[in-house]
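Visitor: Provided herewith is a single structure, encoded as structure tokens, for subsequent inquiry.
The values are calculated or read from the model by the stated rules, or taken from the named source; none is laboratory data. The model shown is predicted, which means the values in this text are computed figures rather than measured ones. Note that we place each Cβ from the backbone using ideal geometry, even for glycine, and neighbour counts take in every protein chain shown. With ligands, DNA and RNA removed, areas are computed over all heavy atoms of the protein, side chains included. Shrake-Rupley method; radii C 1.70, N 1.55, O 1.52, S 1.80 Å.
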Amino acid sequence: MGETSSVDVFELLGQETRVEILRALLAARRDGPDPFLSFTELKDAAGVRDTGRFNYHLNQLLGTLVVDTEDGYRLSSFGFRLFARLSAGLSDPDPDIEPVPLPGHCPECDAELAAAAGGNQFQLVCGEGHTLNEGLLGSPRAVANRSPEAAAETLALVNTQATELGVSGVCPSCHGRTEGGIEHVEGYGYRYRAPCSDCGNQFATTVGDCVATHPEVVSFLAERGIDARREATWTLPFRLPDTETVVSEDPLRLRVTVGAEFEESLDLVLDRTGSVVDGDLA
Ligand SMILES: [Zn+2]
Ligand SMILES: [Zn+2]
């Protein structure tokens, strides 16, 4: 596959009439099962009087953000995906959301945990003021209209899925190809980083996260009644920052011990790419 051709969305959006057309189509899509608007309905909904001007701007959007069908005009699937994320509150820099109580305890002081919204992610904090340095991914919609239990489960699910993509060479934000690796970062210890040159997403996570859904880990945890894909990431000690052991620095070999809290644990040794080079039950 070659480079994907792209539309200059900023240019398309840089005009008020076009923005009003898109807003009207997004509202039609969100408000009911029928996402189609006729020419006149769309013109009225967008609040444009001048037919010539309306027609001109509608044409600018056709084929990219808007499609013209037998049933009328609607957002294209590309347009819908773009605006669905924006309208989900992902773009709100300061969402006013109460901290969500989470299962598990602070590894430093054992106090109860909560997820505090900040920017477009959640920060894991404890009642004593400790901040765990791994932010949780999640739009404000992940916790809206859910009980605290369901909100915590949703954050866990979203984070495990995004992490799995991120450590597999897939940008969790745009699905572009990334090449990640483990680096030593001053003040953090070892981290897996996979920046995306397509969208600029700076994916970074713990060393333990590289093996969070490794088949051996999944079955080890399943035997102990834990579903690796749904368990709150922050309650699994091996997924926390700075819990790996350095086996060798050159070549880099890091040991992740899964289930140190059980009688038997699982040791996995990772190389610089985050791949398992050796695994053993200890
Ligand atoms: Zn604490
Ligand atoms: Zn990306």
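Visitor: Being within 20 Å of Gly135 (Cα to Cα) and of a type in the set (Phe, Trp, Tyr) is the requirement here; does Phe220 meet it?
Guide: In short, no.
Visitor: Could you tell me whether the range 217-232 includes any residue that is in contact with an Asp or Glu (Cβ under 9 Å, 6 or more places away or on another chain), in the same structural domain as Val258 (by TED's automatic domain parsing) and within 16 Å of ligand 2 (Cβ to nearest atom)?
Guide: Among the residues of the range 217-232, not one is in contact with an Asp or Glu (Cβ under 9 Å, 6 or more places away or on another chain), in the same structural domain as Val258 (by TED's automatic domain parsing) and within 16 Å of ligand 2 (Cβ to nearest atom), which makes the answer no.
Visitor: Give me the pairs: first residue in the range 190-211 and assigned by TED's automatic domain parsing to the domain that holds Arg177, second residue open to solvent by 50 Å² or more (accessible area, probe 1.4 Å) and among the basic types (Lys, Arg), beta-carbon distance under 6 Å, and six or more apart or on different chains, which are they?
Guide: Hits for this filter: Ala204/Arg193.
Visitor: Out of everything in the range 213-233 that is in contact with a helix residue (DSSP H, G or I) (Cβ under 8 Å, 6 or more places away or on another chain) and in a helix (DSSP H, G or I), what residue ends up being nearest to Asp267 (Cα to Cα)? Can you show your working first?
Guide: Step one: list which residues in the range 213-233 are in contact with a helix residue (DSSP H, G or I) (Cβ under 8 Å, 6 or more places away or on another chain), which gives 213, 217, 227-233.
Checking which are in a helix (DSSP H, G or I) leaves us with 217, 233.
Values: Val217: 9, Thr233: 18 Å.
So, considering only residues that are in contact with a helix residue (DSSP H, G or I) (Cβ under 8 Å, 6 or more places away or on another chain) and in a helix (DSSP H, G or I), the one nearest to Asp267 (Cα to Cα) is Val217.
Visitor: Tally time: how many residues in the range 236-270 are open to solvent by 20 Å² or more (accessible area, probe 1.4 Å), in contact with a Leu (Cβ under 9 Å, 6 or more places away or on another chain) and touching a residue at least 60 places away in the same chain (Cβ under 8 Å)?
Guide: The qualifying residues number 2.
Visitor: Quick check on this structure: which one of Asp250, Asp267, Asp271 is more than 21 Å from Ala194 (Cβ to Cβ), modelled with pLDDT of 95 or more and of a type outside the set (Val, Ile, Thr)? Give the steps one after another, and end with the answer.
Guide: On the way: Asp250 fails: modelled with pLDDT of 95 or more; Asp271 fails: more than 21 Å from Ala194 (Cβ to Cβ).
Exactly one of Asp250, Asp267, Asp271 is more than 21 Å from Ala194 (Cβ to Cβ), modelled with pLDDT of 95 or more and of a type outside the set (Val, Ile, Thr), namely Asp267.
Visitor: Also, quick follow-up: Could you list, in sequence order, the residues of the range 226-235 that are crowded, with 18+ Cβ neighbours inside 10 Å and among the hydrophobic types (A, V, I, L, M, F, W, C)?
Guide: Restricting attention to the range 226-235, the residues satisfying the condition of being crowded, with 18+ Cβ neighbours inside 10 Å are 228, 231-234.
Those that are crowded, with 18+ Cβ neighbours inside 10 Å and among the hydrophobic types (A, V, I, L, M, F, W, C): Ala228, Ala232, Trp234.
Visitor: If you go through the range 176-192 one residue at a time, do you hit one that is open to solvent by 40 Å² or more (accessible area, probe 1.4 Å) and within 16 Å of ligand 2 (Cβ to nearest atom)?
Guide: Checked the range 176-192: at least one residue is open to solvent by 40 Å² or more (accessible area, probe 1.4 Å) and within 16 Å of ligand 2 (Cβ to nearest atom).
Visitor: While we're looking at this one, here's another question. In the range 171-192, what residues are under 15 Å from the mean Cα position of the chain (by Cα) and either among the hydrophobic types (A, V, I, L, M, F, W, C) or assigned to a strand (DSSP E or B) (or both)?
Guide: The answer is Cys171, Cys174.
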